[in-house]
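Handing you this structure, nothing more for now.
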Protein chains: 2
Amino acid sequence: MPINRRDCDAQDRDDPLAFARDRFSLPEGVIYLDGNSLGALPRGVAARVAETVEREWGRDLIASWNTADWYGAPGRVGAKLARLLGARPSEVTITDSISVNLFKLLVAACRMRPGRTEILAEAGNFPSDNHIVDSVARLLGLTARYVPASEIAGAVGPQTAVATLSHVNYRSALMQDMGAVTAAIHAAGALAVWDLAHSSGAVLLDLDRSGSDFAVGCGYKYLNGGPGAPSHIFVAERHLAHFDQPLTGWFGHADPFRFEPDFAKAPGIRAALCSTPPIVSLVAFEAALDAFDDVEMAELAAKGRALCDLFIALADERLARFGVALATPRDGSVRGNHVSLRHPNGYGVVRALIGRGVIGDFRAPDAMRFGVAPLYIRFTDVFDAVAAMEDVLARETWRDLAPTEAGAVT
Amino acid sequence: MPINRRDCDAQDRDDPLAFARDRFSLPEGVIYLDGNSLGALPRGVAARVAETVEREWGRDLIASWNTADWYGAPGRVGAKLARLLGARPSEVTITDSISVNLFKLLVAACRMRPGRTEILAEAGNFPSDNHIVDSVARLLGLTARYVPASEIAGAVGPQTAVATLSHVNYRSALMQDMGAVTAAIHAAGALAVWDLAHSSGAVLLDLDRSGSDFAVGCGYKYLNGGPGAPSHIFVAERHLAHFDQPLTGWFGHADPFRFEPDFAKAPGIRAALCSTPPIVSLVAFEAALDAFDDVEMAELAAKGRALCDLFIALADERLARFGVALATPRDGSVRGNHVSLRHPNGYGVVRALIGRGVIGDFRAPDAMRFGVAPLYIRFTDVFDAVAAMEDVLARETWRDLAPTEAGAVT
């Protein structure tokens, strides 16, 4: 018997995380399935940002570096985030962009493995990551070698200084076994740098137990930190003493206000910072993290998996006959928190859906991507979204919406 | 005859830039002389930030990358800033921090001068700059050599790939002749990277006419962009085609939404970007720049010079007898927009002044620094600030405020 909307409604009523949706300011009439690109606005953020702009900056001015502890914000927000990553508070800080942080980590990791000649990286990873891999390899005179994520564990060898890959692939949502892959990388004497862009705030992470060395993640996707929110960076405690990254700005200095000519690395995770952080964006991120208060990450991950299972089951029932193909694993244990579907007219379908208030995104050439942020997406939202897509495909309304340029849907 | 307050009041009445003070939200009872560390809050910023958070992010969500042109924000704000720098709109963009941008520029410049073995840099420059110089030299296998700013022109040689220095020194306010120093650097076949941290928005700049190759600057000082506002980066048009910087993220890609594995540099100044910008901080900066609308930079620079001249004359009259020494050039043509005074108890004096609502800052070991942002500082403010300092010194109220830690006044 096909899935009906009442079944989904029952799942919503039984959802132990249903309370979290009220923590977001969501527009009326919209089903927002793009939290994997830009998370929705948590309710407390606007007031906190206004407070920072109007009182901390406007009234207290420079004193706020101390009185509002802007100075401590990167570490304070990092510590708050650590629980969601399965990390110690002392291992995480918030700074720069994910690409800049990946650059820091790759150089630092290569310096810990002198004499090794290769950076091993994931073919098909988010391109920005691999552009950084190429750049680091060029700067350090190393080779960049690319294999699919599933082959990293087998390809790592005695020549590999560092292996880097995404925990959840941005396109397929294929999720790696972080512990097993890290163990294989370590068995070859190399170090692991994980990209958590599609993991942080979406799936169950245990950076410490997995033995991970380094990781970077994204503040503006499932963590709802706002557009371009600063990135997070994880350095395992055992590496902090020897962590030697190349963006040696004053925020990473042991004693920045002595203004000494020589760089002396800050102790702990502060060494991952470079320079003065964008405070307004950073406090927005801090306030956004309140949406995770009292949320058990295992429960959140289980809901995300159930939402994706429902999405896939409905796609099988209602979309496959229009030539829509699943590009995401069926097995929830190796899947992140979004569903990718392929269709030759994917661009037009996504555009038509947006016109009906169902917001997903498109990744060239033909992938339609739907993220199901467990904090604010309901089972009925998934039902309604697939029903809308079925209608779009049946009526071929996408025909009016052929791509003008691939970048028009970000 | 000593300068009296009525003279200053007359100067305020005659000030053609007096209108600009109303563009700022300044706390009552405060004389804010730390705009060189954190500029005051321009009035339009809070509303613009609220609009971005509540409507663009909260309601329009991912669509705002296009509809609010978040995507174009770095270039749009850079183009708006270009006039204040004497640059073409196509030569400036807003991104990352000043240290990260300096890293990009130094690597790019060294790549344009293969075979040269040295980065020449300013001894006594802001330490963060020189930490980055050291890091780039280490990565590229070059030598970092330091000489005082005044000796850069004479020290540059055939071994020098790039010379980097501040236009206005953060401590002394000594200002370099950008055209002459650049010409000397070019005569040796090297490239010039200028740090404009204490120049942008404060003094008259003409990056194009000076022949400058590259520059970085700061958004949160005289440009009033907010705490940790993103930095600006200038690349002379003639270098854009060959500009090859190492932080190769997707925002610097020619076609970021094609998601191609290979990096293809964006045309123009966009190649200086790395990754997704912190939009909330960036729109704050954009709104802040409205405070410069209809402001002639020559007029602004002239007022800043007159304010500093007044400060120095008053310090001679009223502070010298307490052992306060001028650490800033008397000659306004080689001075930036702040006055540094030295006193063995500088820390305590600055603290005591803050207690009276006169906000300056302290730079270890003994420098008291007072910035006179021409958009919102009045001649009477300078008079009242020096009078307060005289009183603090005469009563020795600083004795109660000995330093507990050097970093307590940022």
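Readers should treat all values here as calculations from the given coordinates under stated rules, not as data from a laboratory. Predicted model only: the values in this text are computed from it and were never measured. All Cβ positions, glycine included, derive from the backbone under ideal geometry; neighbour counts span all protein chains shown.
If I model a spin label as a point 7 Å beyond the Cα along the Cα-Cβ vector, how far apart are those points for B:Ala264 and A:Leu204 in nm?
For B:Ala264 paired with A:Leu204, the spin-label model returns 4.3 nm.
I'd like the orientation of helix B:379-395 relative to chain B: the angle between its Cα long axis and the longest Cα principal axis, in ° from 0 to 90, rounded to 10.
60
List the distances, in nm and shortest first, from the label point of A:His186 to the matching label points in every other copy, placing each point 7 Å from Cα along the Cα-to-Cβ direction.
5.7
Another question, then. Show which lysines lie in cross-link reach of B:Lys80 when reach means a straight Cα distance below 26 angstrom and same-chain residues fewer than eight apart are skipped.
The qualifying lysines are B:Lys104, B:Lys221, B:Lys265, B:Lys303.
At 7 angstrom along the Cα-to-beta-carbon line, where would the label on B:Asp12 sit relative to the other copies? Give the distances in nm, shortest first.
6.1
Please list, in order along segment A:196-205, the HN-Hα scalar couplings obtained from phi with the Karplus expression 6.51 cos²θ - 1.76 cosθ + 1.60 (θ = phi - 60°), rounded to whole Hz, x for Gly and Pro.
After applying 6.51 cos²θ - 1.76 cosθ + 1.60, I find 9, 3, 9, 10, 4, x, 10, 10, 6, 10 Hz.
Taking one equal scatterer on every alpha-carbon of segment B:69-292, how large is log10 of I(q)/I(0) by Debye at q = 0.10 1/Å?
One equal scatterer on each Cα of segment B:69-292 leads to -0.40.
Cα convex hull of chain B: mean projected area in nm², to one decimal?
20.9
Near the amide H of B:Thr93, under 5 Å away, which other amide H atoms are found, from residues 5 or more places off or on another chain, if H is placed in the peptide plane?
Result for B:Thr93 returns B:Ile233.
Here is a follow-up. Relative contact order of segment B:69-292: what whole-number percent is it, with Cα pairs under 8 angstrom and at least 6 residues apart?
Dividing the mean separation by the residue count of segment B:69-292 yields 24 percent.
Which whole-Hz ³J(HN,Hα) couplings does segment B:161-167 yield from phi under the Karplus relation 6.51 cos²θ - 1.76 cosθ + 1.60, θ = phi - 60°, glycine and proline marked x?
Here the 3J(HN,Hα) series is 7, 8, 10, 9, 7, 7, 5 Hz.
Between 0 and 90 degrees, rounded to the nearest ten: what's the tilt of helix B:73-85 against the longest Cα principal axis of chain B?
The two axes meet at around 50 degrees.
Name the residues whose placed amide hydrogens come within less than 5 Å of the amide hydrogen of B:Gly72, ignoring near sequence neighbours (fewer than 5 apart) on the same chain.
For B:Gly72, whose amide H was placed from the backbone, there are no distant partners under 5 Å.
Let me ask something else about it. Relative contact order of chain B: what whole-number percent is it, with Cα pairs under 8 angstrom and at least 6 residues apart?
Relative contact order of chain B: 22 percent.
Another question, then. Nm distances between the label at A:Arg342 and the same-position labels in the remaining copies, 7 Å along Cα→Cβ, shortest first?
Computed spacing set for this position: 7.0 nm.
Continuing with the same structure: Per DSSP helix of 4 or more residues, -39500 (n - 2.57); summed, then divided by the residues of chain A. What does that give at 222 nm, rounded to the nearest 500?
Helices in chain A give a 222 nm mean residue ellipticity of -10000 deg cm²/dmol.
Further question on the same structure: Order of A:287-293, A:163-169, B:13-19 by packing, highest average Cβ count within 10 Å first? List each step's numbers first, then the result.
Values: A:287-293: 20.7, A:163-169: 26.7, B:13-19: 12.9.
By packing density, highest mean first, the sequence is A:163-169, A:287-293, B:13-19.
With Cβ to Cβ distances under 14 Å as the rule, what net charge do the other residues near B:Leu207 carry (K, R +1; D, E -1)?
-3
A further question on this structure: To the nearest whole number, what is the average tally of beta carbon atoms from other chains within 10 Å of the beta carbons of peptide B:26-35?
2
Mind pulling up the Rg/Rh value for segment B:175-287? Radius of gyration and Kirkwood radius, both on Cα.
1.01
Once you put a point 7 Å from the Cα of B:Val334 and another 7 Å from the Cα of A:Ala302, both along the Cβ direction, what distance in nm separates them?
7.4
Which one of B:Asn130, B:Asn36, B:Asn337 has the biggest mean-square fluctuation once chain B is modelled by GNM with Cα springs under 10 Å?
Of B:Asn130, B:Asn36, B:Asn337, the Gaussian network model singles out B:Asn130 as fluctuating most.
Which order do the peptides B:38-49, A:24-35, B:139-150, B:100-111 take when ranked by the mean count of other beta-carbon atoms within 10 Å per residue, highest first?
In decreasing order of mean packing, B:38-49, A:24-35, B:139-150, B:100-111 become B:100-111, B:38-49, A:24-35, B:139-150.
Run the Debye formula on the Cα coordinates of segment B:1-117, all scatterers equal and no solvent, and tell me log10 I(q)/I(0) at q = 0.17, 0.21, 0.23 1/Å.
Values, matching the q order: -1.15, -1.33, -1.37.
Which far-off residues, 5 or more places away or on another chain, put their amide H under 5 Å from the one on B:Ala327, with H placed in the peptide plane?
Hits under the 5 Å cutoff: B:Ser340, B:Leu341, B:Arg342.
Taking N as the number of residues in the protein assembly as shown, what is its Cα Rg relative to 2.2 N^0.38 Å?
Its radius of gyration relative to the 2.2 N^0.38 Å reference: 0.97.
To continue, here is another question. How many partner chain Cβ atoms sit within 10 Å of a residue's Cβ in peptide B:229-241, on average, as a whole number?
Shielding by partners across B:229-241 averages 1.
Continuing with this model, one more query. Return the average number of partner chain Cβ atoms within 10 angstrom of each residue Cβ along peptide B:210-221.
What the average comes to for B:210-221 is 1.
Can you give the angle from 0 to 90° between the axis of helix B:279-288 and the longest principal axis of chain B, with both taken from C-alpha atoms, to the nearest 10?
Value to nearest ten degrees: 50.
Still on this structure: Using θ = phi - 60° and the Karplus form 6.51 cos²θ - 1.76 cosθ + 1.60, what ³J(HN,Hα) does each residue of segment B:249-255 get, whole Hz, x for Gly and Pro?
In residue order, the calculated couplings are x, 5, 6, x, 7, 4, 9 Hz.
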